[in-house]
There are 2 protein chains.
Amino acid sequence: MMVNWNNLDTLNAYKSLAAKKDSVDLVTVMSGENGANRAKAYSVPMAGGMVFNYAAKAVDDAVLKNLADLATEAQLVEKFEALYNGEVVNTGEKRHVLHHMCRGQLGEAVNADGVDKRTFYTTQQQKIAEFANKVHAGEITNAAGEKFTTVVQIGIGGSDLGPRAIYLALENWAKVNNTFKMEAKFISNVDPDDAAAVLGSIDVAHSLFVLVSKSGTTLETLTNESFVKDALAKAGLDASKHMVAVTSETSPLAKSSDYLAAFFMDDYIGGRFSSSSAVGGAVLSLAFGPEVFAQFLNGAAEADKLAANKDITKNPALLDALIGVYERNVLGYPCTAVLPYSQALSRFPAHLQQLDMESNGKSVNRFGEPISYVTGPIIFGEPGTNGQHSFYQLLHQGTDIVPLQFIGFKNSQIGSDVVIEDSTSQQKLCANVAAQIIAFACGKKDENNNKNFAGGRPSSIIIGDKLTPETIGALLSHFENKVMFQGFAWNINSFDQEGVQLGKVLAKRVLAHDTDGALKVFSDLLNI
Amino acid sequence: MMVNWNNLDTLNAYKSLAAKKDSVDLVTVMSGENGANRAKAYSVPMAGGMVFNYAAKAVDDAVLKNLADLATEAQLVEKFEALYNGEVVNTGEKRHVLHHMCRGQLGEAVNADGVDKRTFYTTQQQKIAEFANKVHAGEITNAAGEKFTTVVQIGIGGSDLGPRAIYLALENWAKVNNTFKMEAKFISNVDPDDAAAVLGSIDVAHSLFVLVSKSGTTLETLTNESFVKDALAKAGLDASKHMVAVTSETSPLAKSSDYLAAFFMDDYIGGRFSSSSAVGGAVLSLAFGPEVFAQFLNGAAEADKLAANKDITKNPALLDALIGVYERNVLGYPCTAVLPYSQALSRFPAHLQQLDMESNGKSVNRFGEPISYVTGPIIFGEPGTNGQHSFYQLLHQGTDIVPLQFIGFKNSQIGSDVVIEDSTSQQKLCANVAAQIIAFACGKKDENNNKNFAGGRPSSIIIGDKLTPETIGALLSHFENKVMFQGFAWNINSFDQEGVQLGKVLAKRVLAHDTDGALKVFSDLLNI
């Protein structure tokens, strides 16, 4: 089926949706028996045994019907089909978009560069698994024949945020489940204090470094590689015995003898979508074992399958995306906060910040034509309950409304807990997120305006049993697919990032002392 | 002098300011010789030898004159004078606001609770210094007579974010400067995995815990205290030999024999402003020594003195605040990003997020009357250059404009660096922030719309020589005073936080199983 790419504001379903502004009073619909019925009904299953509950979003059956019509008219699921069947959806860079293929074969085989891409990705996974197993078994060691104890990822952006967020999400789980193999550290920033601090915190003689750069030309990553090589040399170590590369087959790193091994990615997986490729696979397989990484991929694959469903009540990523478009374009909210009630998800909001803002922070459509509606929101967030004692004041009583994405789990990962005043800490954590949903939606009248809560502040919640490799895989995929569907709805290319280029070009000019005007003044002020 | 509290939109200076919307074209004024002149001229000295450069903000001499008039008409500096001279500026809670007094005596002596408050705060500092020196000297030890090696802060919100951000800001500096005394860790979240993971990462037998709760009733903190006490008991240790309290003199913790020592704070310092009180003082003095904490306070005191100046060109906090009001209320920007080009400031944006959003996320004025203009913005941020590879795409080419607050230092803290392609990492870091200022302000025309940068995206930059105890103190104070001035301009009470109450009340009801409607459904879904 051919798909048609049209701007959001040309769609009939969007025009009727725009007429449904403020048609739902959250305070009313979320109160009393109404609210109980909604809380039960407005919930759809997700992968990994989770649910996506949207009862506290300002939608009703009429808005939902309209959103379903929008999905149909904009052919959102058909566009996903085109994507996973190998259409060149990243039109700006003329590339396939194949990150889903790292975790399963959703549709037809896709051949590119003369190979079947699913085979290419699984081959890399197998190479990584074999390598990781040998490291864990002590078959691959340092020059002194000693086992590696630490893995250090050197990468930035998508080569850092996703893998780091997933590592933190599973670190304690792996320790409890006896699959913790190696501690992982991350060096990302070109700030020399980042690499120096990490190197100061590890035993370099027993550390294995994973250099991640698709092009093999990322400034920060190559600089930090040299920084690390200097440190290894000073410690009398042979760097080539301590480093592996994750890169594309055509990069200068691919066949270098500087590395113990090289694992490949390709141009069809963007950095922010690369956690399920070798970019996440190497460091996570080394840290937790390849079986854990495979479980993570299974969770993501299960979520991908749901995303192929045309029924919005069976496709949580699509439903989440559509509600987001309604909030952004009809209700006019510029931000979304991601609030996981799980300390292990402390850096998941930072990953989603990149995923969403880099994908959909665009002002032209996929044909390069300016558009006249807003696109991707600002994404920010911190774990609850910490955020409650920080920025929730503004969320509750500030002058702007911020839609909220809660995430909660019934059980902790470590299982160590304490009963105070008849409840565990885990119960207190869960009680807080339940309470916040209602506090934001319903508010509470008070004669003292300063203590008055207007309510009407929308949220959704993803609820899972426990944060595991499958659930973090499913969460990652859910948000990747949500962002993709929103990009389709906005008719933009979610898979390029031309907005990062100008800064790079100007920074090179500064370093070459080829500047004038204000740039020269700032360069002087910063002593460059 | 009596001050008058009036809503922003009643002020003549605000009305004339509102008429100056979009009067400055950033692309034009920041280009060529114009831009060079602006970059040199639009800069004011800050404490700690830093400068605040606002050349890339969309202001000109006419707007600046108008902002100065606004400061005068709104009596912003007079209100600060009233505050530090002891007026009950926190009207909702009927409290003085005295955090400045931890770092100096700006105006008249303030007596409250029968004591001179400056004496009270300095006495606590001395008590902490003596205690910390004894711990470092091995005069206060664990029951086995062994030195404590780790300090663990148990606190949430203002008892966590500020002290944690400052600890991270100075950890490497202290190591290089031989003032690193004890590693610090932080337990904040009620999520049991937070406490369990921290306890699993330390040697509890040699750890000293600092319990921080002003009221002595904070749910998360008391729960985590019990969690820690359980762990100490299981390790056969006497908890009372491993814990100190930071609390108010009237709290149940103040005279308890459960603690080795108690250091006092009071109701006149709000959590988010408490880093320079015993809340930051205990953990930072233990980690780095009392002399380093004193240097931090000196930097803050120097910044406070600048904030008392009525000339906006000599008062960077006031100038920064006024430009922010112009951007928020006249230009209509809902967010501000804080972007430190310093990995050591990785959590400083999270502290500013609380400081700003909890202080100024309000919808009623200080008299409890609804206001008809927007107040505090959404604050978010991550260190550069990491952010460049994450969310900068949206900042450069998204449909919304986000004002930016850069921070950069000429020198790294550790001093270890590497030369690649003729420049050090530190030079690359600085080149990037200089480049970003110009890229955002001036943009770059391209026939391909997808590669076009419209520019006109405002930023300011704070430039320092190096991140030291004085500079982080000065930065902290700068932003505290900025937030305070903005609160005065908006005529709101920046020092209460009624918006956090409703969630607490509802969470208690959930834990007591006293719920109905949607709240009961969510409680059931979360297995409480």
Report the extension gain between B:THR313 and B:HIS206 in nm, rounded to one decimal, defined as 0.36 nm multiplied by the number of residues separating them, less their alpha carbon distance. 33.5 nm
Taking A:THR91, B:THR10 and counting other beta carbon atoms within 10 angstrom, the fewest-first order is B:THR10, A:THR91
Give, as ranges by residue number, the residues of region B:324-351 whose backbone N falls under 20 Å from the point 7 Å along Cα→Cβ of B:LYS15. B:326, B:329-331
Can you list the copy-to-copy distances for B:HIS206, using a point 7 angstrom from Cα toward Cβ, in nanometres, shortest first? 1.7
Taking Cα atoms only, helix B:192-201 is inclined relative to the longest principal axis of chain B by an angle, in degrees rounded to 10, of 80
Farthest towards the positive end of the dipole of the protein assembly as shown, among B:VAL330, B:SER31, A:ILE154 and with Cβ unit charges of +1 on Lys and Arg and -1 on Asp and Glu, lies the Cα of B:VAL330
Nearest-0.05 FRET efficiency for B:ASP422 and B:VAL505 at R0 = 60 Å, using Cβ-Cβ distance, is 0.45
When the Kirkwood radius is taken over all Cα pairs of chain B, what Stokes-Einstein diffusion coefficient follows at 20 °C and 1.002 mPa s, in µm²/s? 88
Ascending count of other beta-carbon atoms within 10 Å, so fewest first, for A:TRP173, A:TRP5: A:TRP5, A:TRP173
To the nearest 20 Debye, how big is the dipole of region A:26-157 about its Cα centre, given +1 on the beta carbon of each Lys and Arg and -1 on that of each Asp and Glu? 340
Working out 0.36 nm times the residue gap between A:ASN527 and A:THR91, then minus their Cα-Cα distance, what length gain in nm do you get to one decimal? 152.9 nm
From the residues A:VAL505, A:ASN493, A:SER523, which one has its Cα farthest along the dipole of chain A in the positive direction, the dipole being from +1 and -1 charges on Cβ of Lys/Arg and Asp/Glu about the Cα centre? A:ASN493
Among the lysines, which have Cα under 24 Å from the Cα of A:LYS147 when same-chain residues fewer than 8 positions away are ignored? A:LYS127, A:LYS134, A:LYS175, A:LYS181, A:LYS185, A:LYS229, A:LYS234, A:LYS241
Estimated [θ] at 222 nm from DSSP helical runs (n ≥ 4, -39500 (n - 2.57)) normalised by residues in chain B, nearest 500: -13500 deg cm²/dmol
Which value in nm describes the separation of the simple spin-label points at A:SER23 and A:GLU183, placed 7 Å from the Cα toward the beta carbon? 5.6
What do you get for GluC sites (Glu not before Pro) in region A:127-234 restricted to DSSP loop and a cutoff of at most 13 other Cβ within 10 Å of the site's Cβ? A:GLU139, A:GLU146
State the antiparallel share, in %, of DSSP beta bridges confined to the protein assembly as shown, rounding to the nearest 5. 30
Among the listed pairs B:LYS310/B:LYS362; A:LYS15/A:LYS362; A:LYS520/B:LYS410; A:LYS504/B:LYS444, give every one whose C-alpha distance is greater than 24 Å. B:LYS310/B:LYS362
Relative contact order (%) - region A:155-300, alpha-carbon pairs under 8 angstrom, separation at least six: 29
With label points built 7 Å along Cα→Cβ from the Cα atoms of A:ASN6 and B:TYR373, find their separation and express it in nm. 4.4
Once you compute Rg and the Kirkwood Rh from C-alpha atoms, what is the Rg to Rh ratio for region A:400-494? 1.09
Positive-pole candidate from A:LEU199, A:MET101, A:VAL135, dipole of region A:57-205, charges at beta carbon: A:VAL135
Apply the a/c threshold of 1.5 to the C-alpha gyration tensor of region B:99-295 and tell me whether it is rounded, prolate or oblate. prolate
At 4 °C and 1.567 mPa s, grab the translational diffusion coefficient of region B:301-357 from Stokes-Einstein with a Kirkwood Rh over Cα pairs, rounded to a whole number in µm² per second. 99
On Cα atoms only, tilt of B:161-176 relative to the major axis of chain B in degrees: 90
How many nm separate the modelled label positions at A:LYS147 and A:ALA109, each set 7 Å beyond the Cα in the direction of the Cβ? 4.1
Nearest-5 percent of antiparallel DSSP beta bridges in region A:99-295? 10
Could you tell me the relative contact order of chain A? Use alpha-carbon pairs under 8 Å, at least six residues apart, and round to a whole percent. 20
Which of the three applies to the protein assembly as shown, rounded, prolate or oblate, going by the alpha-carbon gyration tensor with a ≥ b ≥ c and a/c under 1.5 meaning rounded? rounded
When you look at the Cβ of every residue in A:353-364, what mean number of other chain Cβ atoms sits within 10 Å? 6
Can you give me the three principal axis dimensions of region B:1-78 from its C-alpha atoms, in Å, biggest first? 45, 35, 13
Order of A:MET265, B:MET182 under a 10 Å beta carbon neighbour criterion, fewest first: B:MET182, A:MET265
Using alpha-carbon coordinates, inclination of helix B:425-442 to the longest axis of chain B, degrees: 50
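We did not get these values from a lab; they are worked out from the coordinates using the rules stated. Remember, it's a predicted structure, so these values are computed and weren't measured experimentally. Positions of Cβ are backbone-derived with ideal geometry, glycine not excepted, and every protein chain shown enters the neighbour counts.
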